[in-house]
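Worksheet: the structure to be examined is printed underneath.
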Amino acid sequence: MTMTGCPSGLEPLRETIARHGLDARKALGQHFLLDPGITARIASLAGNLSGQHVVEVGPGPGGLTRALLDTDAASIVAVEVDTRAVAVITELAAHAPDRLRVIEADAMRCDLTTLCPAPRQVIANLPYNVGTPLLVGWLRQAAEWSRLTLMFQQEVAERICASPGSAHYGRLGVLAQWTCRCGVLMHIPPGAFSPPPKVHSAVVGLIPHADQPDATLFRAMEQVTAAAFGQRRKMLRGALKAIGGEALLDEAGIEGSRRAETLDIAEFDRLARLHALRAATLS
């Protein structure tokens with residue numbers, strides 16, 4: 001063991017992958033990150049993990065898991081849907097039974113907050129095909145997380161952190177920035193992965209704001225942003241017609257001739273709060 005608890009004397013990841021026949025599967029959105037220098041840097045981007053409980057989604061062969069074990073994290077829970085990868089991570093857990101636990105489950109179907117106590121974080125190289133819906137689910141419960149350090153396709157990372165008026169600004173960016181302080185922390189080229197994806201990747205850090213919306217307000221924001229960005233070319237008075245249109249915009253002090261990509265987070269917040277209030281009044 002190293003000083004922080006990472007198992008020493010482990011075979012190289014490529015040998016572990018070969019021994020288990022763990023080829024990355026496109027259907028699962030898998031691209032394995034094997035460079036220990038990169039995985040160590042990703043783990044460090046999550047800040048001081050002393051006393052923190054970490055959930056890792058989609059550990060694959062365990063490259064990032066090894067790096068997390070080499071931090072001061074109090075515990076790590078690895079959630080993996082691929083039975084082949086579960087066998088690999090279970091082997092790793094045998095070297096660190098007091099700190100690493102393996103859960104064979106689909107992260108899309110379980111509440112990760114139930115897997116470990118607070119303070120908790122998610123640190124993960126997310127499968128490309130489910131990264132966005134996983135993030136939105138965690139944003140709904142942002143108050144339960146101290147930080148999220150997540151790898152996405154670079155385009156998704158840019159959408160999360162985009163500013164109003166930019167080409168990437170949309171529903172995902174509004175939801176993320178409404179609930180968290182967001183930033184791109186690291187860019188990773190395709191060649192760092194096995195097999196190399198066709199796109200670049202990026203690590204995004206999300207730190208939840210102290211004040212979080214309740215479930216009703218979050219649903220209202222989802223409805224507002226879905227309507228506003230669902231018809232991007234329309235002026236807001238038309239795009240929001242089904243949820244109040246011109247009347248809602250007037251109450252919020254927003255010109256109906258504007259388009260969704262011009263609104264900042266505070267303006268979307270006003271619309272969501274008014275929409276939630278109107279819905280409560282009508283119910």
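Here is how the numbers come out for the structure above:
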quantity: Charged-residue dipole, Cβ positions (Lys, Arg, Asp, Glu), the chain about Cα centre, Debye nearest 20; calculated: 700 debye
quantity: Å² of accessible area per residue within the chain, as computed with a 1.4 Å probe and no ligands counted; calculated: 45 Å²
quantity: Choice from Thr113, Thr179, Thr149 showing the highest fluctuation, given a GNM over the chain with Cα pairs closer than 10 Å; calculated: Thr113
quantity: Cβ-derived FRET efficiency at R0 22 Å, Ile265 paired with Glu155, nearest 0.05; calculated: 0.60
quantity: Rounded percent of accessible protein surface that carbon and sulfur make up, region 31-104, 1.4 Å probe; calculated: 53 percent
quantity: Listed residues Pro127, Pro196, Pro213, most fluctuating in the chain (Gaussian network, C-alpha, under 10 Å); calculated: Pro196
quantity: Folded to 0 to 90 degrees: helix 83-95 orientation relative to the chain principal axis, Cα; calculated: 60 degrees
quantity: Acute angle (nearest 10 degrees) that the helix 36-45 long axis makes with the longest principal axis of the chain, alpha-carbon atoms; calculated: 40 degrees
quantity: Listed residue (Ile38, Gln231, Val156) projecting farthest to the positive dipole end of the chain, Cβ model; calculated: Gln231
quantity: Formal net charge of residues neighbouring Phe229 (Cβ-Cβ distance under 12 Å; K, R +1; D, E -1); calculated: +4
quantity: Apportionment of accessible area to carbon and sulfur, region 130-183, percent (1.4 Å); calculated: 43 percent
quantity: Relative contact order [Cα under 8 Å, 6+ residues apart], the chain, whole percent; calculated: 15 percent
quantity: Listed residue (Gln177, Leu249, Leu49) projecting farthest to the positive dipole end of the chain, Cβ model; calculated: Leu249
quantity: Helix 131-140 vs. the chain, principal-axis angle (Cα, 0 to 90°, nearest 10); calculated: 70 degrees
quantity: Summed residue charge, Cβ within 13 Å of Gly37's Cβ, Lys/Arg positive, Asp/Glu negative; calculated: 0
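The values are calculated or read from the model by the stated rules, or taken from the named source; none is laboratory data. This structure is a prediction, so every number in the text was calculated from the model and none was measured. Counting neighbours? That spans all protein chains shown, and the Cβs are built from the backbone with ideal geometry, glycine included. Just the protein is used for accessible areas: all its heavy atoms, side chains included, with ligands, DNA and RNA removed. Shrake-Rupley method; radii C 1.70, N 1.55, O 1.52, S 1.80 Å.
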